[in-house]
Amino acid sequence: MEAFHNLLREATNSRNTATGSSSLPSTGSLTQSLQGSLGMPQGMSMGMNLPLSLGNLPGSNTLAPIHRMNPLMAANSQMFPSLNASIPGLTTAPGSAAPASTTSTPSSSTAASKEKGGKATAAASKKRKAPASTASKDSDDDTQEYEDPKAKRRAQIAKAARKHRQRQKDELIALRAKVKDLKEQIEVLQSSEPSEHNTELGWKQEAEQHAEIRARVDQENEFLRKTLMEQMKFIQRLQDYFTKQPLLNMPSLDLILNSSSSATMTTPAALSNSSSTLQLQSSSFQDQLRRLANDSMATADKALSECETSFRTPKNPTMSYFGLEVQYEMGKTEMGIYFRHHIYNCDASSVMVDLWECIGDANFEKKFPFVESTEVLEEVDSNTKYIRRVVNLTMGDAGQANSVLKEENLLVNQKRENPDGSIYIIARTVKNDPSHPKAADHIRRDTTTTISLRNFNDGNGAGCLLLWSVKVLVDTDADERSKPANVPDIILKNMFEVTPVYVKGVVDRARGVMPH
């Protein structure tokens, strides 16, 4: 390697000092001498042979060519000043002129290389700009090359825009075809299965029907709301009657549940029913009793009609009280309570007989603890009887002063069989009886009772329908109305104390539960 470096130094020095070119040794002899001195093979890759040592060359003061030139290197010979000499065996590119002599100056070599370089650049530019003649327009855009990057970018944008417009056109065509197909399907369906409400009139009728249904439902809801409020008020009133103010005259549990006569109760001694206390009524008073009974019988249909209406279109919720259907009403001038009960396996005539026997029967009525005394004052005829009954009622809390009051009832009772087979029984209060003046500690109320017995036959069997109406007229006298016993709430409370239990006892006797 030292000999090679020495050779390079000598070649450099000789190039810098020399003004002209001397005769060079032949390339082959120089290369062979180098290869021989270094022991290298005859050829090297990449088309060149590398001489290493020139010490064996006599009179050699310049660097021999160490590269095998190719045409491009020959064209750019100004880059390699040491290679301007003519080298035997150098293969030139086709179309390039060989140097005239081995002593060409650097200026001539440079001019030749510039001329060749200019021709090569022009050929390359011409080749890039030449369009393909057999490709389509799109393939031309894909393969075409542009010198200006902006022009290339504009071409790419234009190509993308063309593709986007074409894609939109294809989608629009597909959508139009789909719409056309759907319209045809709709026409087929409309022609084969027409709609039930395909006109404005049909929809209007349906809307009106829905509005009517909504109005009816709202009306029912309002009725139920009012009914619930009335029921809550009534429950509160009953709670005050039976919980906060326990009844002194509440019947025994045995009588309420079993309606049995086995209950033992202590009742005040009945008033004497001797002939000395029964005064023979004059014919004029009997006529008054008949007239009063007939007047009440004439209004029986109206009273029973009101009773049926109260159950058919109730103003208050229908209650079940002691197994009976119960309705009531409260007015400014009268209070009413109604009962309805279906007595199966009973005939109206037999029930009427039992009921008529119960009226004024001390043995039957003594089973009720609120009854103080009962007696028949006079039997006017076979269908009319006049009785007197005294009952104990409550007005306030038990144990308080004046919490108990006594009600005396002088009642004319009458029964009547109608042509349609139904039976009416009425009971009307006689407020003034000369033979029985009112005691100071007793009260009398204007009460009218109307009873209807009618046979029926339904899916559950045959029996007797019982309707029972009790009405109390509020005293119009200002002094009487100011008394606590005539307060509407107290009157209604007393009616619920006595009437339901008494009606239940009559029904149980008719069914045979309570013995005669």
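Read the figures in this text as sums done on the coordinates, not as results from a lab. The model shown is predicted, which means the values in this text are computed figures rather than measured ones. Glycine gets a Cβ as well: all are built from the backbone with ideal geometry, and neighbour counts include every protein chain shown.
Using 0.36 nm per residue and subtracting the Cα-Cα separation, the extra length available between GLU220 and GLU187 on full extension is 7.4 nm. The calculated FRET efficiency for GLN156 paired with TRP203, based on their beta-carbon distance and R0 = 35 Å, is about 0.05. Residue order for TRP203, TRP356, fewest other beta carbons within 10 angstrom first, comes to TRP203, TRP356. Charge tally for LYS169 (other residues, Cβ to Cβ under 14 Å; Lys, Arg +1; Asp, Glu -1): +3. Shown for SER403, SER422, SER320: other C-beta atoms within 10 Å of each C-beta, ranked fewest to most, produce the order SER320, SER403, SER422.
Note on ARG237 and ASP295: the extension gain reaches 17.5 nm, defined as 0.36 nm multiplied by sequence separation minus the Cα-Cα distance.
Taking other Cβ atoms within 10 Å as a rough exposure proxy, CYS307, CYS358 sort from fewest to most as CYS358, CYS307.
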